[in-house]
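Structure first, commentary second.
Just so it is clear, none of the values below were taken in a lab; they were calculated from the coordinates. Just so it is clear, the model here is predicted, and its values are computed rather than measured. Here the Cβ positions follow ideal geometry from the backbone for every residue, glycine too, while neighbour counts run over all protein chains shown.
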Amino acid sequence: MNTVVQLRNRDLHVQLAQEDRLEDAGRLAPDDRMTCHVHNRWVHQCVSSAAHVNQVTRHRWCRDCKTALTVAVDELTLTVHMSCPSCGDGRSAATRRLERACEASLAYTKGRPALLAG
């Protein structure tokens with residue numbers, strides 16, 4: 001097996017375990033995670049899954065159109081954008097936090113500093 005792939009997988013599993021412990025201890029909010037405990041992936045890799053849509057908290061949800069937001073992950077600029085396919089908006093504080101977590105996840109996997117503050 002490729003050594004780089006082995007290191008990335010090990011890194012993911014270490015980060016998953018660390019975030020699980022921090023979340024269980026109340027020191028990390030679930031929507032600030034760079035990893036997804038449901039899919040066992042970096043959150044930017046699976047955020048487009050329906051499991052990441054929440055109508056109540058408005059994570060990836062447009063209240064006005066009552067629809068899930070689409071996700072665009074740009075690995076060159078290390079940005080993530082979510083928008084409503086109907087109205088083009090759908091912004092919420094919860095979605096912005098999810099975008100920041102995805103951008104931190106993406107940056108981390110590319111060897112760049114992963115910052116969630118902001």
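In nanometres, what is the gap between the two model label sites at Cys65 and Leu22, each 7 Å from Cα along Cα-to-Cβ?
Using points 7 Å along Cα→Cβ, the separation is 3.3 nm.
Using a 7 Å offset from the Cα along the Cα-to-Cβ direction at both Ala29 and Thr57, what is the distance between the two label points in nm, to one decimal?
Spacing of the two 7 Å Cα→Cβ label points: 0.9 nm.
Using only Cα positions of the stretch 1-111, each an equal point scatterer, no hydration layer, compute I(q)/I(0) via Debye at q = 0.18 Å⁻¹ and quote the log10 values to two decimals.
-0.88
So how do Val14, Val73, Val56, Val43 line up by other beta-carbon neighbours within 10 Å, fewest first?
Val56, Val14, Val73, Val43
Could you identify which residue out of Leu98, Leu16, Leu76 has the top mean-square fluctuation in a GNM of the chain using Cα springs shorter than 10 Å?
Leu76
So if I place +1 on the C-beta of Lys and Arg and -1 on the C-beta of Asp and Glu, and nothing else carries charge, what would the dipole magnitude of the chain be about its Cα centre? I want it in debye, nearest 20.
60
Under a 10 Å cutoff between Cα atoms, tell me which one of Ala17, Ala68, Ala107 has the largest fluctuation in the Gaussian network model of the chain.
Ala17
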